[in-house]
Amino acid sequence: MSSESQTVFLVDGYSEPAIVKINGRASYTNSAPVGKFFNQMVKEHKANVVVDFADCTGMDSTFLGIMAGAALELKKMDPPGTLTLCRLGSRNLELVRNLGLHRILRVDSGDYDMTFDEDNSSSLNTLDKSEIANAKTILKAHENLVAADEGNLKKFQDVLAYLRVQVEKED
């Protein structure tokens with residue numbers, strides 16, 4: 001079993017701010033439920049969401065794109081909301097900065113008081129979805145990265161073109 005299939009996302013949508021804790025590697029294979037959680041928080045007008053990376057062993061561009069989409073949606077709220085990333089390791093921080101996401105979300109410098117009520121948390125189901133559903137999730141995530149920073153188009157244009165073809169074949 002891969003480490004990605006062992007990843008657990010703990011969430012608390014009742015706290016203020018709402019919290020996501022990542023235990024393991026966040027990737028295209030397991031991050032769609034986190035995107036759904038972010039969307040639910042926006043629908044419920046939860047303006048502030050914090051993602052705790054203390055136990056995150058790594059992430060890929062799909063997960064980064066899901067966070068970009070959440071940050072962009074939170075910014076559209078009235079008043080604007082905030083997605084905060086805390087306890088990022090140096091490699092994860094480098095990934096966030098390389099894609100320009102630090103300009104659309106808040107990167108905590110380490111002083112964030114992280115309180116997480118395990119009794120009110122739940123674990124997100126990260127079971128694999130169909131191939132086409134995964135392709136749609138990955139496509140949307142990468143479109144979010146381009147929306148967050150146009151410089152990302154050059155980095156992901158081949159991925160976007162490939163995924164659009166895959167999605168269009170199935171529609």
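FYI, it's all coordinate maths here, none of it is from the lab. Predicted model, so just to flag it, every value in this text is computed and none were measured. Using ideal geometry, Cβ is built from the backbone for each residue, glycine included, and neighbour counts are taken over all protein chains shown.
Under a no-solvent Debye model with one identical scatterer per Cα of the stretch 1-76, what's log10 I(q)/I(0) at q = 0.22 Å⁻¹? So the normalised log intensities work out to -0.97. Between the exposed loop cleavage positions of the chain, defined as trypsin sites (Lys or Arg not before Pro) in a non-H, G, I, E, B DSSP state with at most 16 neighbouring beta-carbon atoms within 10 angstrom, the longest gap is 1-75. Beyond 22 Å between alpha-carbons counts as too far, so tell me which of Lys36/Lys155; Lys76/Lys154; Lys36/Lys75; Lys21/Lys154; Lys43/Lys75; Lys46/Lys154 fall in that bin. Long pairs (Cα-Cα over 22 Å): Lys36/Lys155; Lys76/Lys154; Lys21/Lys154; Lys46/Lys154. Of all the options Pro79, Pro17, Pro33, the one that moves most in a Gaussian network model of the chain with Cα springs shorter than 10 angstrom is Pro79.
With R₀ set to 25 Å, the beta-carbon distance separating Glu44 from His102 gives a calculated FRET efficiency near 0.45. Label separation (Gln157 vs Glu16): 4.7 nm, computed from points 7 Å beyond Cα along the C-beta direction. Using a simple spin-label model with pseudo-atoms 7 Å out from Cα toward Cβ, Val165 and Leu93 lie 4.0 nm apart.
Can you run the Rg to Rh ratio on the chain? Use alpha carbon positions and the Kirkwood inverse-distance Rh. Reported Rg/Rh, Kirkwood definition of Rh: 0.95. Seen from Lys46, the other residues with C-beta closer than 13 Å to its C-beta sum to a net charge of -3, counting Lys and Arg as +1 and Asp and Glu as -1.
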